[in-house]
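Structure first, commentary second.
Any read-out appearing in this document is the output of simple, stated calculations on the displayed coordinates, not a laboratory observation. On a predicted model such as this, the values are computed, not experimentally measured, just so you know. When we count neighbours, we look across all protein chains shown, and the Cβ atoms used for this are built from the backbone with ideal geometry, even at glycine.
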Amino acid sequence: MAELACIAEVLAPKAGNVHPGAAFDDATWQDFALSAVAVAPLLDRAAEAGVGKTVLACVEATKAAAGTNTNLGMILLLAPLCAVPRGRSLGPGVRKVLADLTAADARAVYEAIRLAHPGGLGRAGKGDVARLPKIGLVEAMSLAAERDAVARQYANGFADVLGRVAPALIEAGEKSPLDEAIVRVHLGLMAHEPDSLIRRKCGDAVAQESSRLAGAVLAADWPRTPNARRLFARLDRWLRADGRRRNPGTSADLVAAGLFVAFRGGSLLPPWRWAGLAGSFTRG
């Protein structure tokens, strides 16, 4: 289910992200798909191996398969969710997983982050990933929660993923093909709050503008009206400008985690068939 979630996420033609109709200089949609296949068996064993070791093993497997960081945020979100034993409810289950994290988990995750070398990290006075952690993983993530939506899930028990992202995907999926539902929810996340990866890389003003533009697309009744499709195409071009520093990657990571939750609960069927695929929503 985690593999399907990652592949479904990259196949949907989301604004500013990699998909079959748009690549980055250092990554194509095939790289994301290869990464999903590479990490799947490791995520299957997350309950036994533990979160930290799973995250590190997944980053190493991704580097070997794709040669670039395609999925660090997804891995950080999926590892605790996949560590919940089969048959146990995700809400209380993931809270138990987080409560049981140790200093060893923090050390392994810090090593994984350094190996993946994500953009826009900067430096922190406490809990900096460049140094050996002296605090637990949840405490470290809590320090970054205000500036990173992935880290915030560790601090709030995955409240956003479980309480907002997955339900939004389920609701949208009941009314639309899955790829359209994914794009809609991605836009909704961007409109709800500025993408934290854009904020880290480009600052608050650019992040706020990305949120405003995403909201305008939805307000124009995307994808049903010509004006909404035009606004979507403009947003997509704007996000890909400036050397793709405006890539809304954190919102995409949250979508992947929400898809896993929806697939695991049986509320959303896996995408055996796709209606639009790349290009269907990006035409002006």
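Is it possible to state the helix-based mean residue ellipticity at 222 nm for the chain, with each DSSP H run of 4+ residues giving -39500 (n - 2.57), the sum divided by total residues, to the nearest 500 deg cm²/dmol? What is it?
Values: 15 runs with 175 residues, N = 284.
Only helices count here, giving -19000 deg cm²/dmol.
Based only on other Cβ atoms within 10 Å, what is the fewest-to-most ordering of ILE113, ILE182? Could you put the intermediate results ahead of the total?
On the way: ILE113 19, ILE182 28.
Least to most surrounded, the residues fall as ILE113, ILE182.
Placing +1 on the Cβ of each Lys and Arg and -1 on the Cβ of each Asp and Glu in segment 2-264, which of PHE260, ALA172, ASN227 has its Cα farthest towards the positive end of the resulting dipole?
Of the candidates, ASN227 comes out farthest on the positive side.
Just in segment 174-230: which trypsin sites (Lys or Arg not before Pro) are loop by DSSP and have at most 12 other Cβ atoms within 10 Å? Write out the running numbers ahead of the final one.
Details: sites: LYS175, ARG184, ARG199, ARG200, LYS201, ARG212, ARG224, ARG229, ARG230; in loops: ARG224.
Answer in residue order: ARG224.
With the alpha-carbon atoms as the only input, what is the per residue convex hull volume for segment 166-279 in Å³?
Values: hull volume 11.2 nm³, N = 114.
In segment 166-279, the Cα convex hull volume per residue is 98 Å³.
Taking only the Cα atoms of segment 1-82, how large is their convex hull per residue, in Å³? Can you show the working numbers first?
Numbers: hull volume 6.1 nm³, N = 82.
Per residue, the Cα convex hull of segment 1-82 comes to 74 Å³.
I'd like the trypsin sites (Lys or Arg not before Pro) in segment 1-104 restricted to DSSP loop residues with at most 13 other Cβ atoms within 10 Å, sorted by number. Please report the intermediate quantities before stating the final value.
Working: sites: LYS14, ARG45, LYS53, LYS63, ARG86, ARG88, ARG95, LYS96; in loops: LYS14, ARG45, ARG86, ARG88.
In loop regions of segment 1-104 (DSSP not H, G, I, E or B), the sparsely surrounded trypsin sites (Lys or Arg not before Pro) are ARG86, ARG88.
Can you tell me the orientation of helix 204-219 relative to the chain, as the angle in degrees between its alpha-carbon axis and the longest Cα principal axis, to the nearest 10?
The angle comes out at about 50 degrees.
Can you give the charge dipole size of segment 2-264 about its Cα centre, rounded to the nearest 20 debye, using +1 on the beta carbon of Lys and Arg and -1 on the beta carbon of Asp and Glu?
Values: 33 positive and 28 negative charges, 82 e Å.
That gives segment 2-264 a dipole magnitude of about 400 debye.
With viscosity set to 0.692 mPa s and temperature to 37 °C, compute the Stokes-Einstein D of the chain, Rh being the Kirkwood radius across alpha carbon pairs; µm²/s, no decimals. Each step should come with its number before you reach the end.
Numbers: Rh = 18.7 Å.
The diffusion coefficient I find is 176 µm²/s.
Name the residue from ALA144, ILE182, ALA205 whose Cα lies farthest towards the positive end of the charge dipole of segment 135-219, charges +1 on Cβ of Lys and Arg and -1 on Cβ of Asp and Glu.
Final value for the positive-end residue is ALA205.
To make sure I understand the rule: partners must be aspartates and glutamates, Cα under 18 Å from the Cα of LYS63, and not fewer than 8 residues away in the same chain. Which ones qualify?
GLU3, ASP25, ASP26, ASP31, GLU111, ASP253
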